[in-house]
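Read-outs throughout are calculated quantities, based only on the coordinates presented, and are distinct from any laboratory measurement. For clarity, every value in this text was computed on a predicted model and none was experimentally measured. As a convention, Cβ positions derive from the backbone with ideal geometry for all residues, glycine included, and neighbour counts pool all protein chains shown.
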Amino acid sequence: MKLPGVGSVEDVSRCLRAVQYKPDDYRSMWDAIEDPRQVWKRKAGDCDGSSVLAAALTKALFPGTRPVLLTVVSRNFARSHTVCVYEKEGHLWEISNWHRAAPKGPYRNKEEIATSVAWRTRAPIVCWDVVDPETLEQLEFHS
């Protein structure tokens, strides 16, 4: 299945709002980041599913940008969260399933985004990292 065409940030937001939040099954031992086409096909996914879809749509919209996944692991593990981060006009923006898929920002750096995500989870940060959404290569790690 192909991803929908997007011509604006509003189109990206509209697509993400069409994806129903479905948390990981608590019986699962490991989380897995899915292919964005599968998330779109099912119209369901957890925060990393929505974020990987956001990254794919954002990359299509802004080919010169390199969206990444930023994951904050908190002491209350169930409140850990993943968002898509992309750069536009020299500023960082976050897009997540939390705020009805509307981009949040601008931010100065990724640490500011991690702190904002942690504040919203109301749980102290254990660590946070940044990965490439296509290869899942870890680009940054902070504890």
Practice task
State which helices in the chain qualify, where a helix is a whole DSSP H run, it must extend 18 Å or more along its own axis by its Cα atoms, and its mean Kyte-Doolittle hydropathy must be at least -1.0.
Solution key: 47-61
Handout entry: Asp35-Lys22 pseudo-label distance in nm [points 7 Å out on the Cα-to-Cβ vector]
Key = 1.6
Exercise for the section: Enumerate the amide H contacts of Ala101 below 5 Å, restricted to partners 5 or more residues apart or on another chain; note that Pro and chain-start residues carry no placed amide H. Expected result: Ser96
Problem - Most mobile of Glu89, Glu112, Glu34 in a GNM of the chain (Cα contacts under 10 Å) - result: Glu89
Exercise for the section: Neighbouring Cβ atoms within 10 Å as the yardstick, rank Glu137, Glu10 fewest first. Expected result: Glu137, Glu10
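Take every DSSP beta bridge with both residues inside segment 9-142 and express the antiparallel ones as a percent of the total, to the nearest 5.
On the way: 22 of 24 bridges.
Looking only at bridges with both residues in segment 9-142, the antiparallel portion is about 90 percent.
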Handout entry: Estimated inter-spin distance, Arg108 and Lys2, nm [label 7 Å along Cα→Cβ]
Key = 4.3
Exercise for the section: Exposed loop chymotrypsin sites (Phe, Trp or Tyr not before Pro) only (DSSP loop, at most 11 other Cβ atoms within 10 Å): please give the longest stretch of the chain free of them, not including the sites. Expected result: 31-143
Problem - Radius of gyration and Dmax over the Cα atoms of segment 75-143, both given in Å - result: 11.9, 35
Problem - Average silhouette area of the chain, convex hull of alpha-carbon atoms, in square nanometres - result: 8.1
Fill in the blank from the handout: Once both label points are put 7 Å beyond Cα along the C-beta direction, the Lys88-Ser116 separation in nm becomes 1.3
